[in-house]
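Working notes for the structure below.
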Amino acid sequence: MKKQPASREPETADHHGFKITFDDNLVARSLFGEKNRHLRQISDLLDIQIHTRGNTVTVHGDDITTKLVEKLLTEIYGLIEEGYPIYENDIDYAIRILSSNDRIKLRDIFLDTVYITSQKKPITPKGLAQKEYIDAMRKFDIVFGIGPAGTGKTYLAMAMAVSLLTKGIVNRIILTRPAVEAGESLGFLPGDLYEKVNPYLRPLYDALHDMMHYEKASRLIEQGAIEVAPLAFMRGRTLNDSFVVLDEAQNTTSEQMKMFLTRLGFSSKAVITGDITQIDLPTAKVSGLVEAKEILQEIKGIRFVLFSKKDVVRHRLVQDIIKAYEDLEQRK
């Protein structure tokens, strides 16, 4: 039977807050963090007072925030009991999740493991949008993930692809993206075609090697079980028994998006990711991702998952940077 905190009592009438004592010394130590680092992080982020004495935590603050902290501490305590390793970023994600919906159970999100990397690190959703995205990839054959950089769209899609390949549910993974980025032209780059397109595909290789040993990934690429290629290489093909990820789809033209979507064969899944605020196509060209969002919403079997700056899972400053640029665009 899972352990629970030993006791919880309200503070005196002169103080808003509560006092809670945790049973397990090791779990409590992980919850508090080294030198109470996690508790200080919670205190700073929520502007609340937290004190410890042994395994007892005392929290002072307004009623709404203290209730949030109580749920946060007890739920993270439960996660650690079940073997989930808590990192500093997880505290940020947990606060964000519970602040948006205090009825959410953190275990339903953090313990939903998509894939375990070669370094034994579990890849799990870090927010409600990521959980919705993962569930959509399990249920639907075509999924669009649209939103700003840093929301985990491509990384989670690749994790799902590797997981299904490892389980034998698909026979191959195809990772692709258009070779148009930041206003650059391939014709001005040195080298042959492979050398020209390889820099555009590098982020996909990097994510892949983060999930499995380099030797294993290289072997699967050599065998054709994993293919990393520019979008132009998809033309004329039918992709059966495959998990196909189209990254940076905001830089596809209307014709390229139609070509890609009609490549899907039997027993295959396609995930299309992109940020429609970062389109690098010439002004006269319509983004295939923008057009797809407008015309494919009502088709059964296709799911659109929209991310916002609140779903960014990079450094917390990234959210502020995205907001600053959004404000600049509005002023323009």
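The values are calculated or read from the model by the stated rules, or taken from the named source; none is laboratory data. Quick caveat, the model's predicted, so the values are computed rather than measured. Cβ sites come from the backbone with ideal geometry, for glycine too, and all protein chains shown count toward neighbours. Please note that ligands, DNA and RNA were not included when accessible areas were found on the heavy atoms of the full protein model with its side chains. Shrake-Rupley method; radii C 1.70, N 1.55, O 1.52, S 1.80 Å.
Values for this structure:
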quantity: Relative contact order for the chain, counting Cα pairs under 8 Å that sit 6 or more residues apart, in percent; calculated: 17
quantity: Amide H contacts of residue 263 (H built 1.01 Å from N, under 5 Å, at least 5 apart or other chain); calculated: none
quantity: Residue (of 95, 144, 39) at the positive-pole extreme of the chain, dipole from beta-carbon charges; calculated: 144
quantity: Diffusion coefficient, µm² s⁻¹, Stokes-Einstein with Kirkwood Rh over alpha-carbon pairs of the stretch 30-94 at 10 °C and 1.306 mPa s; calculated: 133
quantity: P(r) of the chain over all Cα-Cα pairs, binned every 20 Å from zero, in whole percent; calculated: 28, 50, 21, 2
quantity: Largest-first principal axis extents, alpha carbons of the stretch 1-160, Å; calculated: 56, 29, 28
quantity: Accessible area of the chain belonging to carbon and sulfur atoms, whole % at 1.4 Å probe; calculated: 51
quantity: Mean Kyte hydropathy of -1.0 or more with a Cα span along the axis of at least 15 Å, helices from DSSP in the chain; calculated: 63-81, 88-100, 128-139, 153-166, 193-211, 316-331
quantity: Given charges at Cβ of Lys, Arg, Asp, Glu: the chain dipole, positive-most of 176, 288, 223; calculated: 223
quantity: For residue 269, distant residues with modelled amide H under 5 Å away; calculated: 242, 243, 244
quantity: Rounded, prolate or oblate (a/c below 1.5 giving rounded, otherwise prolate when a/b exceeds b/c) for the stretch 96-148 by Cα gyration tensor; calculated: oblate
quantity: For the chain, share of DSSP beta bridges that run antiparallel, in % to the nearest 5; calculated: 40
quantity: By average C-beta atoms within 10 angstrom, highest first, the peptides 120-126, 156-162; calculated: 156-162, 120-126
quantity: Residues whose placed amide H lies under 5 Å from that of residue 253, excluding near-sequence neighbours; calculated: 288
quantity: For the stretch 219-332: rounded, prolate or oblate by the Cα gyration tensor [a/c cutoff 1.5]; calculated: prolate
quantity: Sum of -39500 (n - 2.57) over DSSP H runs of 4+, divided by residues of the chain (222 nm, nearest 500); calculated: -13000 deg cm²/dmol
quantity: Across 285/323; 71/310; 269/332; 121/258; 126/332, pairs whose alpha-carbon gap is larger than 29 Å; calculated: 269/332; 121/258; 126/332
quantity: Candidates per chymotrypsin sites (Phe, Trp or Tyr not before Pro) in the stretch 239-298, loop by DSSP, up to 12 other Cβ within 10 Å; calculated: 266
quantity: Per residue solvent-accessible surface (Å²) - the chain, probe of 1.4 Å; calculated: 54
quantity: For the chain, size of Cβ-based charge dipole, Lys and Arg +1, Asp and Glu -1, in debye; calculated: 680
